[in-house]
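Step one of this worksheet: look at the structure below.
The numbers here are math on the coordinates, done by the rules we state, and not lab data. As the structure is a computational prediction, the values presented were derived from the model and not from experiment. Every residue, glycine among them, receives a Cβ derived from its backbone with ideal geometry; neighbour counts consider all protein chains shown.
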Amino acid sequence: MLLVVPIQTALSLALAVLVNRRILRGKGFFRTAFYFPSVTSSVAITVVFLFLFTASGSVNRMLSYLSVDGPNWIDDPRGVLHVILNALGVDQPPAPLQSAPFLGLSWWQWLAGPSVAMCVFIIMAIFTTSGTFMLLFLAALQNISGEVEEAAMVDGTTAWQRLRYVTIPMLRPTIFTVVTLGLIGTWQVFDQIYTGTRGSPGKTTLTPAYLSYETSFNGQQWGRGAAIAFILFAIIVAMTIVQRIVLVERDIVPARKRFYRTGGTPGGEKP
């Protein structure tokens with residue numbers, strides 16, 4: 001969630017801005033190409049990604065051209081941060097990180113980051129969802145009046161300034177929708193895990209949705225599986241409320257202060 005949601009939101013917005021440009025030729029082709037992974041079967045895409053990220057797959061072959069020895073992606077339970085630190089010569093955790101103060105895991109394990117195997121599913125999630133969110137941003141961009149952009153251009157703003165100070169603030173409701181859908185989707189990932197790794201290696205690709213299924217149907221612990229699903233529901237609702245508070249539009253001047261500054265009359269007229 002911490003990686004997929006920000007990256008897919010930024011990528012989908014960038015794609016929407018790209019295909020919304022007037023000077024771009026073949027807009028229909030690019031919109032279809034970017035959206036196509038979203039309508040393709042997730043099972044089929046998972047099988048393709050598993051084939052690409054095998055030890056002798058196309059990804060490692062491309063890395064070999066750069067003199068990089070690629071890992072065995074799907075079967076590698078190591079955390080990405082641990083892999084980076086090992087490459088820098090850090091093989092053993094520092095003493096302060098060896099204690100296990102939370103849920104029986106040491107801080108060194110908590111700081112491992114996503115496993116190498118989970119990175120495959122992170123890339124897959126971004127690849128398959130960015131096209132859908134691109135259409136949401138594209139619809140919102142087309143609803144922005146051209147006069148607003150022309151006024152910003154008259155004021156001498158650059159393209160980046162128009163995007164940052166004009167376009168993005170007007171896309172706040174759409175950003176909230178995209179972030180909410182992305183958050184829900186990342187917590188409910190199931191079919192990719194079921195088709196691909198089923199939680200292995202070392203349970204580093206285990207998701208709450210698949211854990212609920214595994215506990216209920218394979219472990220025959222129906223009460224515990226239902227509890228996991230309910231906790232997952234509570235987490236999604238709580239995070240949605242938090243991001244709603246963070247992304248809510250706020251007036252520059254609060255209503256009460258504006259009421260008194262205008263003379264104390266409801267309409268703003270001074271007595």
Can you name the residue in the stretch 217-245 that is in contact with a helix residue (DSSP H, G or I) (Cβ under 8 Å, 6 or more places away or on another chain) and not in a helix (DSSP H, G or I) and is also surrounded by the fewest Cβ atoms within 10 Å (Cβ to Cβ) among such residues? G219
Selection within the stretch 5-32 - within 30 Å of Y194 (Cβ to Cβ), aliphatic (A, V, I, L, M) and surrounded by 13 or more Cβ atoms within 10 Å (Cβ to Cβ): V5, I7, L11, L15
Of everything in the stretch 141-190 that's in a helix (DSSP H, G or I) and of a type in the set (S, T, N, Q), which residue is farthest from V246 (Cα to Cα)? Q142
Does I193 count as part of a helix (DSSP H, G or I) and among the aliphatic types (A, V, I, L, M)? yes
If a residue has to be over 18 Å from N143 (Cβ atoms) and in contact (Cβ under 8 Å) with a residue 40 or more places away in the chain to count, how many in the stretch 4-35 make the cut? 8
One residue from S58, S38, S42 being polar (S, T, N, Q), free of Cβ contacts under 8 Å to residues at least 60 places away in the same chain and closer than 21 Å to A125 by Cβ: S58
Since L24 meets every condition but one in (1) under 20 Å from M134 (Cβ atoms); (2) not in a loop (DSSP other than H, G, I, E, B), which condition does it not meet? (2)
For T132, state whether it is surrounded by 13 or more Cβ atoms within 10 Å (Cβ to Cβ), assigned to a loop (DSSP other than H, G, I, E, B) and polar (S, T, N, Q). no
Using beta carbons and a limit of 6 Å, which pairs, at least six apart or on different chains, have the first residue in the stretch 148-162 and farther than 17 Å from L18 by Cβ and without any contact (Cβ under 8 Å) to a residue 24 or more places away in the chain and the second one in a helix (DSSP H, G or I) and of a type outside the set (F, W, Y)? A152/R162; A152/V166
